[in-house]
Each structure stands twice: as structure tokens, then as C-alpha cells.
Amino acid sequence: MNPESQITGVAIYLLGHGPYRSPRPIELQFLRINRYRHLLGSKYGWWKPVPDRLFVDINYPRALGTWDPEAFPSFYRLLEAVQVGQVNHVFFDVESKHIQLRDDYSWIPYLLKKNGAQPLNVFYDPDNIFQEQLDERFGGASAKV
């Protein structure tokens, strides 16, 4: 994770369909992202209590195929904010199946990184923060479950 001095803007991107569709409901994404951000701050010594920007795409009905600015208008605005330097860290919580299905969201981190942002997908817990918290709270018992 980059030191705080290199963080010019933090954004959260939420993408959802509702409680019975993938990805997980927007409310749960938001809670998991904020919990992750808080734990990340505890681990690395920095945390912005409030993100600079919040972008939400409901995406219903589901867009087919790859990313389309008309189907994901908030993501398009997010990319513009990244390109002008307002945002350089983007938190999101989406499973990417890396296959060509209509619910594949691998374009999210790809386009963010390509345009200069550091994508942080909470779904995959890249810093192993959720597991570390469970181990700390329950004495390593979570690994045995």
C-alpha cells in the first residue's frame, strides 16, 4: 500500500443489482469497503475517515458484455476523475470471474489501472486484512474452520 503522501484522492465505487443478483448488494459492499479501509489504516498507519468521492452504478437491467459508458455512467465519471488526477485510489468489492460471461467485471480494475489509479478490490482482500483480524480476534481459530 502506498504511503499517505502519495494519496491524492480516495474513491469508492459501488456496483450492484439488488439482493438476489451478483455482485453483492450495494449496502454490503459499502460496509465491507469501509471496514477494510479502517483495518487498512490500522495496519499501515493511515486512513481517510471519509472518501473524497463516491460513485454508484445500479446496473439494472444488467448490461451485457464489456464495459459501456452508457450502462455504467458513474464508472465513466470515475475514470474522468482518475484521468484529471482527482482520484488515485479506488476501493470496490466485486468478484471478477475472468471469463467472458455477462457478469464478468474484470474491466473495472483493468480500466482503473490503465488510467492511472490503484484499484483496491476488497473482495479478494489483497492485504490479507480480514484474515489477520479474524486470527487476532479468535487466536488463529479462524484458519481451522
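Nothing in this text is a laboratory measurement; each read-out follows from the coordinates by a stated rule. Given the structure is predicted, the values throughout are model-derived calculations rather than measurements. All Cβ positions, even for glycine, are placed from backbone atoms using ideal geometry, and neighbour counts span all protein chains on display.
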What is the local net charge at Y36, summed over the other residues whose Cβ is closer than 11 Å to its Cβ (Lys, Arg +1; Asp, Glu -1)?
+1
Packing-ranked peptide list from 126-135, 28-37, highest mean Cβ count within 10 angstrom first, is 28-37, 126-135
